[in-house]
Every structure is written in C-alpha cells, then in structure tokens.
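Here the structure is laid out as structure tokens; the discussion comes afterwards.
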Amino acid sequence: MITAEEFSKIDLRIARVVSVSDHPNANKLYIMQIDIGGGNTKQVVAGLKQYMNPESLLNKLVVVVNNLEPATLRGVDSQAMLLAAEHDSAVILIVPEKDFPPGTRVH
C-alpha cells in the first residue's frame, strides 16, 4: 500500500488530445500530442490502436499522469501516461465528466 502523502506526489491533470498518429515501429501504438495547459504540450505513446480510432481520440479530454518519468516505447519518447480502464477485453479512457480546461488538477 502507499500512503496518502505518496499518492499526493502523483500529478494528475486534465489534458486535450491535439493530434494522433500511427507509431512507425509498432502496430498497436499511437503517438499523441496532448495539451496540458499553460501553452504546454507533451507527447504520449499509448497502446490504444486496437480499441479506438484516431478520430474518436482527437480533441478528447483525458486524465493523464503528468509527472511520470519519461519512457521510450519502441524508439519514441512518451512524456506522460493516459489513464484507462480495462474489463473483458474492452478499454476505456478515464475522462472528465464536464468540459474543464487542460491543465486542471485532478485530486
């Protein structure tokens, strides 16, 4: 288990997907640019290709882990992580209930 103090270190933010493209080296991955507010964007590599098409992701508000250590996935840098849920081979993104601006902190 983690403590509340440890959990509070996770910076969850609302972000908007501003572009989606196919990963050049992986069949199941997208490369996305996300607006995290304050005029800042980050690149995210996500394994969503078999669950969602690019059109359904574009301009979608999502919840991201904003302060995750960057990782390289199949040669492409990923600077954040989208939150998603999986059940019975289906995947959904965790999204805000209302239209809040990118950069809004999630508690």
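Computed from the coordinates by the stated procedures, all read-outs in this text should not be read as laboratory data. Because the structure is predicted, anything quoted here is derived from the model rather than measured. Cβ atoms come from the backbone with ideal geometry, glycine included; neighbour counts cover every protein chain shown.
Taking amide H as placed 1.01 Å from N in the peptide plane, T41 has its amide H under 5 Å from the amide H of I36, each at least 5 places away in sequence or on another chain.
Taken as Cα centroids, segment 39-84 and segment 1-17 sit 16 Å apart, rounded to the nearest whole angstrom. In summary, the lysines within cross-link reach of K28, defined as a Cα separation below 25 angstrom excluding same-chain residues under 8 places away, comprise K42, K49, K60.
V65 sits among other residues whose Cβ lies under 14 Å from its own Cβ, and their net charge, with Lys and Arg +1 and Asp and Glu -1, is +1. Summing charges over neighbours of T41, with a neighbour being any other residue whose Cβ is under 12 Å away from its Cβ, gives +1 when K and R count +1 and D and E count -1.
Please enumerate, by chain and number, the aspartates and glutamates with C-alpha under 18 Å from the C-alpha of K9, excluding those fewer than 8 residues away in the same chain. Qualifying aspartates and glutamates at Cα under 18 Å: E69.
So what are segment 4-99's ellipsoid semi-axes, whole angstrom, largest first, if each one is the square root of 5 times an eigenvalue of the alpha-carbon gyration tensor?
On the way: eigenvalues 79, 51, 43 Å².
Each semi-axis is √(5λ); the values are 20, 16, 15 Å.
The label point for S89 and the one for D11, both projected 7 Å from the Cα toward the Cβ, are 3.9 nm apart.
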